[in-house]
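Reviewing the structure listed below.
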Amino acid sequence: MENSSTKIKVSICIPTRNRACFIGQTLESVISQATDDIEIIIVDGASTDNTAEVVQGYQQRFKRLVYYRGEENMGVDRDMAKTIELAHGDYCWLLSDDDLLKPNALKRILKEIETGYEIYLSNITVCDLYMQPIRERLWFFPYVKDRVFNLHNENELIEYCNRANSIGALFSYMSSIVLSRQEWLKTGYCYEFDRTAYALAASLFSFIARKCRLKYIRSSLVSWRSGNESFQNAGGLAKRLLLDFDAYLQIADKYLSDNHKVREAFLRVMMREHSWYTIIHGISFINNPQIEREFRSKLLKFGYSLGMVKACCCLGRHKNLVSIAVAIKRAIVRTRVYNMLAYEKNI
């Protein structure tokens, strides 16, 4: 029997909209390992599918599931903030509505939060649309093990950025983040970043002005469902890259404008996230010269060399060749995944 007086330690916070086909798997991955000190908060941005019906079915099984449906679509940033507002836990684990917690992930986090740090950041396993594993995704270079970074310390913040291999280390990926709810409430939601898709990252960077200790957990605790990203639709990869560039330049301007060394280290993480072939692919989606000039300008601000930018723009204009190269690369990846799965099945 559930003990209603049990203190909630971790709130699983899930913003959602029109993901009825996936959210059931997500909830199953949580409920199957949840203890009495876990709750689930779902904020629905006015879904037009049967999300409510799916969630209500799980409410009958798991009484500590709060479902809030908004009257209109306010965007994932606002919905994410609303989940934290409705939460009761000491910590909030922000989870995408189509990702899965790995077995024993909650057990690991419940143990970790006993140390009382402000942020915990884990890695993820990239999966296909059907949740077959593809590869492990590390936010830092492979040699970085479990450790604590004091992000309020300038030298450690620079070290943190220099060791980061991806903007996932800069809080771009919601499902890998567990944060102190009390610390969040000191600043709250950054409305100036509303609808940028990076309001969470901006709010977490407000922590560094205070005491901010981040525990990096090298293990993967989440399975990420790829293949259904919204940027694959209108605007393509170029739109997705510009989203990254705009948000992180804005974060740098807001929090790091007075410290050139930290700002430079912070911005260079983007170069490791988006290498030259990603830039070429992104440019191939651009058909407007003005947008291409804007794209080039932002690349230079992040530290990409002028020669590299010119070369990428030149190659990116050969759209047919880029499409062929991307198709070949994807075929190679699919073959590797197929061979890996076949090998694992036979051993």
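GLY116: in contact with an Asp or Glu (Cβ under 7 Å, 6 or more places away or on another chain) and either within 25 Å of ARG17 (Cβ to Cβ) or modelled with pLDDT of 95 or more (or both), yes or no? Answer is no for this residue. One residue stands out in region 282-292 among those that are in a helix (DSSP H, G or I) and surrounded by 12 or more Cβ atoms within 10 Å (Cβ to Cβ): the one that is nearest to the chain's Cα centre (by Cα), namely GLY282.
Quick one: is ARG135 free of Cβ contacts under 8 Å to residues at least 40 places away in the same chain, surrounded by fewer than 17 Cβ atoms within 10 Å (Cβ to Cβ) and of a type in the set (Lys, Arg)? In short, yes.
Of the residues in region 73-96, at least one is without any contact (Cβ under 8 Å) to a residue 60 or more places away in the chain, assigned to a loop (DSSP other than H, G, I, E, B) and not aliphatic (A, V, I, L, M).
Of note, TYR216 satisfies the criterion of being in the same structural domain as ALA81 (by TED's automatic domain parsing), part of a strand (DSSP E or B) and either in contact (Cβ under 8 Å) with a residue 12 or more places away in the chain or over 17 Å from the mean Cα position of the chain (by Cα) (or both).
Quick grid of which residues meet (1) surrounded by 22 or more Cβ atoms within 10 Å (Cβ to Cβ); (2) part of a loop (DSSP other than H, G, I, E, B); (3) not assigned by TED's automatic domain parsing to the domain that holds TYR117:
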{"site": "ASN18", "(1), (2), (3)": "no, yes, no"}
{"site": "LEU27", "(1), (2), (3)": "yes, no, no"}
{"site": "THR35", "(1), (2), (3)": "no, yes, no"}
{"site": "ILE41", "(1), (2), (3)": "yes, no, no"}
{"site": "SER47", "(1), (2), (3)": "no, yes, no"}
{"site": "ALA52", "(1), (2), (3)": "no, no, no"}
{"site": "VAL55", "(1), (2), (3)": "yes, no, no"}
{"site": "ARG61", "(1), (2), (3)": "no, yes, no"}
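Give me the residue from region 174-201 that is polar (S, T, N, Q) and more than 19 Å from LEU256 (Cα to Cα) and, out of that set, surrounded by the most Cβ atoms within 10 Å (Cβ to Cβ). Ranking the qualifying residues of region 174-201, first place goes to SER176.
If you go through region 173-193 and keep only what is in contact (Cβ under 8 Å) with a residue 60 or more places away in the chain and of a type in the set (S, T, N, Q), you end up with SER175, SER180, GLN182.
Taking the criterion of being under 16 Å from LEU221 (Cα atoms), out of contact with any Leu (no Cβ under 7 Å at 6 or more places or on another chain) and not charged (D, E, K, R), the residues of region 127-138 that qualify are CYS127, PRO133, ILE134, LEU138.
Selection within region 182-210: residues that are part of a loop (DSSP other than H, G, I, E, B) and among the aromatic types (Phe, Trp, Tyr). The member of this set that is farthest from LYS239 (Cα to Cα) is TYR189.
This table checks each residue for (1) in a helix (DSSP H, G or I); (2) over 17 Å from the mean Cα position of the chain (by Cα).
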residue: LEU242; (1), (2): yes, no
residue: GLU264; (1), (2): yes, yes
residue: ILE280; (1), (2): yes, yes
residue: LYS301; (1), (2): yes, yes
residue: TYR304; (1), (2): no, yes
residue: ASN320; (1), (2): yes, yes
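The values are calculated or read from the model by the stated rules, or taken from the named source; none is laboratory data. As the structure is a prediction and not an experimental result, all values here were calculated from the model. For neighbour counting, all protein chains shown are included, and Cβ atoms are generated from backbone atoms with ideal geometry for every residue, glycine included.
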